[in-house]
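Okay, so here's the structure we're looking at.
We did not get these values from a lab; they are worked out from the coordinates using the rules stated. Everything numeric here is computed off the predicted structure, so don't read it as measured data. Please note: Cβ atoms are built from the backbone with ideal geometry, for glycine as well, and neighbour counts cover all protein chains shown.
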Amino acid sequence: MDLSADAKMSEDPIPDDEDDMPGLPSLSDDEIDESQAREDSCIEQLKTHWINERGAPEILDYEAKVVADVKEELDAQQELIDKCSDSKGAALMLRIYQMEVDRINFVLKAYLRTRLRKIEKHVLQILSQPELLPRLSKHEQNFAEKYVDLIEKNFNQAFLKHIPEEYASMGKEEMVVTAKLDRYVYARGVKDVGTVSLGESGDLYINQGDILVANYRHIKDLVKSGLIQLI
């Protein structure tokens with residue numbers, strides 16, 4: 001019996017997983033940790049702005065820097081997906097990267113949709129008050145202007161042209177829906193804030209992690225500064 005062939009076969013190196021998946025991105029542990037930390041940071045920031053936007057009665061400032069960072073992260077994840085799609089045996093990694101892209105996309109779209117719903121609701125107030133318009137992105141401003149043009153055309157055709165001219169301006173005023181800043185909201189202290197005046201409700205000392213119910217008007221500046229987060 002010739003054992004030389006068996007001996008030779010046993011000496012052949014066994015291919016490892018990397019050889020089965022050529023073309024996968026190769027990153028050091030430090031690079032992976034840094035990338036993950038950066039991704040988690042921008043996603044968490046966007047989630048915070050989304051929750052604030054959803055809870056605040058008024059339109060808040062458009063977070064251009066955070067949105068840009070999230071879109072950059074989406075591009076990076078898509079690049080990884082493209083690399084994995086050309087690799088053999090990379091189905092698992094492809095699913096992981098795709099799930100991450102879906103997660104990021106969900107938060108981004110939810111944030112933008114929340115803002116669009118608010119713009120639709122308060123569009124006349126936003127366009128009539130100069131201090132509110134800069135809170136919108138350029139795309140949102142264009143959307144608001146086109147949206148209000150459409151509303152006015154439909155309103156004129158359906159109603160205004162059928163009533164005396166002196167009553168037409170009254171009809172337009174009735175269309176303005178203003179944000180109710182005196183609405184009560186739930187919030188949490190992100191940092192130690194100290195004593196805050198809540199108007200007729202008195203003063204409240206807010207520590208990091210404290211949960212409170214307050215009139216939005218009295219805490220809106222703290223929300224915008226990041227000291228308090230709506231929940």
Expressed in angstrom and rounded, the centroid-to-centroid distance over alpha carbons for the range 179-231 and the range 56-104 is 33
Lys, Arg +1 and Asp, Glu -1 on Cβ, resulting dipole of the range 181-231 about Cα centre, debye, nearest 20: 240
Gain upon complete extension [residue 205, residue 98; 0.36 nm per residue less C-alpha separation]: 34.1 nm
Expected vector for the range 40-46, Karplus 3J(HN,Hα) from phi with 6.51, -1.76, 1.60 and θ = phi - 60°, integer Hz, x for Gly and Pro, equals 4, 5, 6, 5, 5, 4, 5
Through the Karplus equation 6.51 cos²θ - 1.76 cosθ + 1.60, θ set to phi - 60°, convert the phi angles of the range 121-129 into ³J(HN,Hα) values in whole Hz; use x for Gly and Pro. 6, 10, 4, 5, 5, 4, 6, 8, 10
Would you pull out the residues with amide H under 5 Å of residue 210's amide H, same chain only if 5 or more places away, H placed 1.01 Å from N? 189
Taking the Cα of residue 153, stepping 7 Å toward and past its beta carbon, and measuring to each backbone N in the range 108-140: which are under 16 Å? none
When ranked by the protection proxy of mean other Cβ atoms within 10 Å per residue, highest first, what sequence do the peptides 135-141, 192-198 form? 135-141, 192-198
